[in-house]
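The values are calculated or read from the model by the stated rules, or taken from the named source; none is laboratory data. Given the structure is predicted, the values throughout are model-derived calculations rather than measurements. We place every Cβ from the backbone using ideal geometry, glycine too, and count neighbours over all the protein chains shown. Surface accessibility is based on the protein's heavy atoms, side chains included, excluding ligands, DNA and RNA. Shrake-Rupley method; radii C 1.70, N 1.55, O 1.52, S 1.80 Å.
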Amino acid sequence: MIKRLGVSLIIGLFILILSYVQPYKLVVICGPSMMPTLKDRQIVIAKKQDDYKKGDVVVFKSYENVILVKRITYCPDEYFYYYLDADKESMELLKDNSYRYIFEAKKQYGKLIMENKVQKNHFYVLGDNYGNSEDSRIFGTIDKSDILYKVILWKISNLIIFIRSEEHTS
């Protein structure tokens, strides 16, 4: 009983310190846009950083000053492509940016392909749940200055389960 209380206090103290020490923040995921990587109401640890790369999951302020969590898909000076989907009557992002895929898409869609370049100090972000995410396809690229944190740990529940299982084995 005392051991369990001690472990709970240590975890609580760890979380309290993280919430007050500036480079780290606890962030609660709201919504399904990052599924299956991050689930709705999941708690993650994020860290203040200055450099970001493709694949990083970031916390940022959107154009409406809403805090969002998305994955960086394209970095500054990278190209991305849209094509006109006549069936949906909308512009769709080409998910694969390889030369071969773009060449095939240009053969299929011809002049209906639009090439874009991410501006300096901007990032193109997408939700992992591609069909259920408001992201750069809707609001465009985000400025680097709008990025608040990079998500560094999202398996917190596994860490707590590991600590609890260690407690029962000793």
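Scanning segment 45-64 for residues that are buried (at least 16 other Cβ atoms within 10 Å of the Cβ), among the hydroxyl-bearing types (Ser, Thr, Tyr) and part of a strand (DSSP E or B) turns up nothing.
Which of the following residues is of a type in the set (A, V, I, L, M, F, W, C) and either modelled with pLDDT of 90 or more or surrounded by 15 or more Cβ atoms within 10 Å (Cβ to Cβ) (or both): ILE29, ILE2, ILE17?
Values: ILE2 fails: either modelled with pLDDT of 90 or more or surrounded by 15 or more Cβ atoms within 10 Å (Cβ to Cβ) (or both); ILE17 fails: either modelled with pLDDT of 90 or more or surrounded by 15 or more Cβ atoms within 10 Å (Cβ to Cβ) (or both).
Residue meeting the stated conditions: ILE29.
Screening ARG137 on (1) in a strand (DSSP E or B); (2) crowded, with 17+ Cβ neighbours inside 10 Å; (3) modelled with pLDDT of 85 or more shows it passes everything except condition (1).
On the basis of being in contact with a helix residue (DSSP H, G or I) (Cβ under 6 Å, 6 or more places away or on another chain), surrounded by fewer than 19 Cβ atoms within 10 Å (Cβ to Cβ) and among the aliphatic types (A, V, I, L, M), does ILE113 make the cut? Judged against the criteria, ILE113 is a match.
Within segment 3-18, residues that are in a helix (DSSP H, G or I) sit with their Cβ atoms under 7 Å from residues that are of a type in the set (Phe, Trp, Tyr) and open to solvent by less than 100 Å² (accessible area, probe 1.4 Å), at 6+ positions apart or across chains, in these pairs: LEU18/TYR24. Counting only strands (runs of 3 or more DSSP E) wholly contained in segment 66-124, the ones carrying 1 or more residues that are within 30 Å of LEU26 (Cβ to Cβ) occupy 67-74. Sort out which residues of segment 83-110 are within 23 Å of TYR52 (Cβ to Cβ), out of contact with any Phe, Trp or Tyr (no Cβ under 7 Å at 6 or more places or on another chain) and either open to solvent by less than 70 Å² (accessible area, probe 1.4 Å) or at pLDDT 85 or above (or both), and write them in order of number. Across segment 83-110, the qualifying residues are ASP96, SER98. Residues in segment 116-134 that are in contact with an Asp or Glu (Cβ under 7 Å, 6 or more places away or on another chain), within 17 Å of TYR81 (Cβ to Cβ) and open to solvent by 60 Å² or more (accessible area, probe 1.4 Å): LYS117 alone.
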